[in-house]
Each structure stands twice: as C-alpha cells, then as structure tokens.
1. List pairs: first in segment 124-140 and free of Cβ contacts under 8 Å to residues at least 60 places away in the same chain, second crowded, with 21+ Cβ neighbours inside 10 Å and part of a loop (DSSP other than H, G, I, E, B), Cβ under 8 Å, 6+ apart or cross-chain?
2. Please pick out the residue among THR25, THR13 that is touching a Phe, Trp or Tyr at 6+ places or on another chain (Cβ under 6 Å) and either over 30 Å from GLY143 (Cβ atoms) or assigned to a helix (DSSP H, G or I) (or both).
3. When you scan segment 124-142, do you find a residue that is closer than 18 Å to TYR243 by Cβ and out of contact with any strand residue (DSSP E or B) (no Cβ under 9 Å at 6 or more places or on another chain), even just one?
4. Evaluate segment 74-89: report whether one residue or more is buried (at least 22 other Cβ atoms within 10 Å of the Cβ) and touching a Lys or Arg at 6+ places or on another chain (Cβ under 6 Å).
5. Among the helices (runs of 4 or more DSSP H) confined wholly to segment 151-252, which include 1 or more residues that are modelled with pLDDT of 95 or more, open to solvent by 50 Å² or more (accessible area, probe 1.4 Å) and over 26 Å from TRP22 (Cβ atoms)?
6. Could you tell me whether any residue of segment 14-32 is open to solvent by 20 Å² or more (accessible area, probe 1.4 Å), of a type outside the set (Val, Ile, Thr) and within 17 Å of VAL114 (Cβ to Cβ)?
7. Of all residues in segment 113-139, count the ones that are in contact with a Leu (Cβ under 9 Å, 6 or more places away or on another chain) and open to solvent by 10 Å² or more (accessible area, probe 1.4 Å).
8. Looking at segment 193-215, I want the residues that are farther than 30 Å from ARG127 by Cα and have a partner that is loosely packed, with under 14 Cβ neighbours inside 10 Å and hydroxyl-bearing (Ser, Thr, Tyr) with Cβ atoms under 9 Å, at least 6 apart or on another chain. Which pairs are those?
Amino acid sequence: MDITQSFYDEMATQYEKLFLDWQSTTREQAVILDRIFKDNGFDANAHVLDCACGIGTQSIGLAALGYQVSASDISDGELAEATTRANNNGVRITFKHADFRNMSEVFPEQFDIVIAMDNALPHMLTRTDLESAVKSILGQTKGGGIFVASIRDYDSLLEKKPSHSTPYIHKTDKGQRVSFQTWVWDDDRYHLIQYIIDDEESLQIKKFECDYRATRQEELTHLLLANGCSKVTWIQPADSGFYQPIVVARKV
C-alpha cells in the first residue's frame, strides 16, 4: 500500500472533521458543480464519474440533485465511508476501487462528465504519472464530454513555498475543532502533515502524512490539450464560489 492509500484509509473516519458541517458542504458544492455543468451544456441527465470520490463529498451531493453517478477511489477506507454516507442520504451510487491512472481496467463505459476534486491530481508525483492520469481519465470521457477538476493555487504557493496552511477553526455547540497542515518542500514536491485537533468532548489529536507535487495550471492545461481536449478553461474561486481553482476541459 502506498502513502496515498494509507493517508486516506487512516483519515477516512476523521475526514468529516475538516468541515464545519459536511452535510451542508455536499449540498453547496453540488450546486456549484451543477452550475458549471449547465454552463457547459449538461443537465441532470448526464452520467457522471467521480474518479477521486473520497468520502463522497461531491458524488453524494450530485446524486441528490438527480445525476446518475458512479464513483471510485484508491482508498478502500474512504469507499466504505462513502458507501455508508450514500446510504444514509438515500442516494444510489456505484462505488468501485480504482486508480485513476488505470480507469479502463475498472470502468468499461465512458461518461458525459468526469470529476476529480479536492486536489486529487497533485498526488501524481511525476509528470509521467500526471500524464498517465490525464490520459486515463480522458479515456473514460465521451467525445464532447467534460473533465472537471480542482487543485490548489500552486502558481501562487510556489512563489513563497509556505511552511503551513491557514488553520481552520470550527466552533460547535460541544467545543471546537482545529485543522491545519504543515508542508516541507523539496523543489516542486512537498511532504504534508494534516493535523486534526478535536476539542469538543475530550481532546483528541490526529495526524496524517502524505506527499504531493505542486502542479501549475499551465502544465495541466498543456497535458489536457495534448491528450484530446479542444478547450481548457480555469475558473477561479472568486468566480465559482469553490475554495480551489477549477479546470474545465472539453474532450474532442
């Protein structure tokens, strides 16, 4: 098991604590994605693949809006959590274990829309792996379909290479939760430690470690255009309402 799988397997039951209200977040992000889909000519009749679904934050919200959703992830721990949450929300989603570098091994069909949100692509630590992921994902996207992904604003982060993220402090009726990350840089890669401090009923401190490669928007744009996309558009947080830049790529 590699570090990415371990990171998400171990964090699966704690991931919800990164949000003040995970349930509300699923609805809010589904509305944002639905607007992007409609701006690109799709509605709830579209078949969507969430190829980095995590605990179902986007896939469950989209299914609740009526989209036909399939979902996959490399973490069995997160897939188990996502399955439980989908059942609790009364939505039907097909969940499968898959590495998004090898999607065709798991999904024989193509989709109108494929998404990979929450900074999933920068887990690819080399340009070769990133290109493999792009080729694989676009291979599961129908002609005329779109690929939608979000990544951190690495163009800005690489200028200063900060040592940590801004803490999120969520106050609840039981106390508070604090989450933040520390980053140790090695050129364009960084080792991340995610801390989650839960001080609601009793103090609990958890930490989870993983590696990322800072992916510039220009690099991802080039790979998408070179591997079958006719148009690539970036939507910044001020325009989308989402917390990370979003790329929308139209497949030929």
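1. Note: pairs meeting the criteria are ALA133/PHE100; SER136/PHE100.
2. On the way: THR13 fails: touching a Phe, Trp or Tyr at 6+ places or on another chain (Cβ under 6 Å).
Selected residue: THR25, the only one of THR25, THR13 that is touching a Phe, Trp or Tyr at 6+ places or on another chain (Cβ under 6 Å) and either over 30 Å from GLY143 (Cβ atoms) or assigned to a helix (DSSP H, G or I) (or both).
3. Taking segment 124-142 as the starting set, the residues that turn out to be closer than 18 Å to TYR243 by Cβ are none.
Taking every residue of segment 124-142 in turn, none turns out to be closer than 18 Å to TYR243 by Cβ and out of contact with any strand residue (DSSP E or B) (no Cβ under 9 Å at 6 or more places or on another chain).
4. no
5. Numbers: elements: 154-160, 217-226, 237-240.
Counting at least 1 such residues, we get 154-160, 217-226.
6. no
7. Narrowing segment 113-139 to residues in contact with a Leu (Cβ under 9 Å, 6 or more places away or on another chain): 113-115, 117, 121-122, 124, 127, 130-131, 133-135, 137-138.
Right, trim to open to solvent by 10 Å² or more (accessible area, probe 1.4 Å) and you get 124, 127, 131, 135.
Summing the residues that are in contact with a Leu (Cβ under 9 Å, 6 or more places away or on another chain) and open to solvent by 10 Å² or more (accessible area, probe 1.4 Å) in segment 113-139 gives 4.
8. GLU200/THR172
The values are calculated or read from the model by the stated rules, or taken from the named source; none is laboratory data. Treat the numbers as computed from the prediction; the structure is a model and nothing was measured. Ideal geometry is used to build each Cβ from the backbone, glycine not excepted, and the neighbour counts take in all protein chains shown. The accessibility values were calculated without ligands, DNA or RNA, using every heavy atom of the protein model including side chains. Shrake-Rupley method; radii C 1.70, N 1.55, O 1.52, S 1.80 Å.
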